[in-house]
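Please read the structure below before turning to the comments.
Every number in this text was worked out from the coordinates using simple rules, so none of it is lab data. Every value quoted in this text rests on a predicted model; they were computed, and no experiment measured them. A quick note on method: Cβ atoms are made from the backbone with ideal geometry, for glycine too, and the neighbour counts reach across all protein chains shown.
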Amino acid sequence: MNTTRITALNYTTREYFLQIYDHRHIIKSLVRRDLKIKYSQSVLGWSWAFIQPVTALIIYSIFFRYVFDFQFDKYPYALYVLSGILPWHMFSQNLHQSSGVLLSEQELIRKIAFPKFILLLAKSIVSLIELSFGLILLLIYLTIQSRISWYILLLPAVILINHLVSMIIPIWISQFSVKKRDLLHLIPYLVNFGIWLTPIFYTIENTPKFLSTIIYANPMTGVILTYRLVLFGDPFPLEALISPAVCIGLFLLPGIALFKNFDKKIVDHI
């Protein structure tokens, strides 16, 4: 009897994702719409995809390098910061855009019947496209400097992990914020505090042991350290993989299952 229930659940989940695939044209339309709204009517256009992470790079590089006199001699410190800023920027943008998407797209949800998970996917794809621009610039620089190694072949897998981790919090908040909209007010705090618990500007080796344990518990730590492994060949502590793996298994996958069940009830709550 237990086997029958599990099989039915897997079948239902599989069918749900097949519905998403069948509605992929909606995903494309939403991605095009969001990119057009975000960039086409601005003076600098697509340049903003570069300006935002580069601005953060300049500010934090100056702050840590010259104000705190942070010593880093493995390779240019700007590259170290950029390799952390880009995946964090994707995470924070997806957190901002996806968490309240069920509320911001109320009219579309009422008019058209489609799997609502598509809305989260579309937002995450937009942040993924923005990540790609920064990574292309970084890869061009590394190629010119002859710093590319065979590790670079793992980059697509790292980007996928980055994408999955970036969806963990939005997939939960987007559901519960439909009923409890106070949850959306947590997002700025998560971003503002989370960035300091992520080794973007500093190295874990330079932090106290009790704090390094907290930093390793942050799934974005593992993501960023993996980027630095494939981009620069930095040493990679295996414990950095634990948090992303646990979060994807315990939070993302159940979150998707819960979202699938909540999908039918969304219209009744908005």
So for R0 = 35 Å, FRET eff. of Ile140-Lys265 from the Cβ-Cβ r, to 0.05, ends up at 0.15
Is there a quick way to get the dipole size of region 135-270? I mean about its Cα centre, with the Cβ of Lys and Arg at +1 and of Asp and Glu at -1; what is the value in debye to the nearest 20? 320 debye
Given the -39500 (n - 2.57) contribution per DSSP H run of 4+ residues, what per-residue ellipticity at 222 nm results for the chain, rounded to the nearest 500 deg cm²/dmol? -21500 deg cm²/dmol
Taking 0.36 nm per residue of separation between Ile129 and Arg147 and subtracting their Cα-Cα distance, the length gained on full extension comes to 4.1 nm
Given the candidates Ser149, Val223, His185, the one whose Cα lies deepest towards the positive end of the charge dipole of the chain, counting +1 at each Lys or Arg C-beta and -1 at each Asp or Glu C-beta, is His185
Explain nothing, just compute: Karplus ³J(HN,Hα) = 6.51 cos²θ - 1.76 cosθ + 1.60, θ = phi - 60°, for every residue of region 115-121 in order, whole Hz, x for Gly and Pro. x, 5, 4, 4, 4, 5, 4
Report the label-to-label distance for Leu155 and Asp182 in nanometres (one decimal), using points 7 Å from each Cα along the Cα→Cβ vector. 4.5 nm
Would you mind computing Rg(Cα) / (2.2 N^0.38 Å) for region 126-245, counting N as its residues? 1.19
Using a 10 Å cut-off around each Cβ, can you sort Leu225, Leu128, Leu155, Leu160 from fewest to most neighbouring Cβ atoms? Leu160, Leu155, Leu128, Leu225
Convert each backbone phi in region 216-229 into a coupling constant with the Karplus relation 6.51 cos²θ - 1.76 cosθ + 1.60 (shift: θ = phi - 60°), then list the ³J(HN,Hα) values in order as whole Hz, x for Gly and Pro. 5, 6, 6, x, 5, 4, x, 4, 5, 5, 5, 4, 5, 5
Positive-end extreme of charge dipole, the chain - chosen from Asn261, Val158, Trp172 (charges on Cβ): Asn261
Mean-position separation - Cα centroids, region 136-172 and region 217-234, in angstrom: 9 Å
Excluding residues fewer than 8 places away in the same chain, name every one of the lysines whose C-alpha is closer than 29 Å to that of Lys74. Lys209
Estimated distance in nm for a label pair at His25 and Asn192, the labels positioned 7 Å out from Cα along Cα-to-Cβ: 4.5 nm
Specify the angular offset, from 0 to 90 degrees and rounded to the nearest 10, of the alpha carbon long axis of helix 48-62 from the longest principal axis of the alpha carbons in the chain. 40 degrees
Treating the beta-carbon of each Lys and Arg as +1 and of each Asp and Glu as -1, no other charges, what is the dipole magnitude of the chain about its Cα centre, to the nearest 20 debye? 800 debye
Karplus-derived HN-Hα couplings along region 78-91 (A = 6.51, B = -1.76, C = 1.60, θ = phi - 60°), whole Hz, x at Gly and Pro: 4, 5, 4, 5, 4, 5, x, 5, 4, x, 5, 4, 5, 4
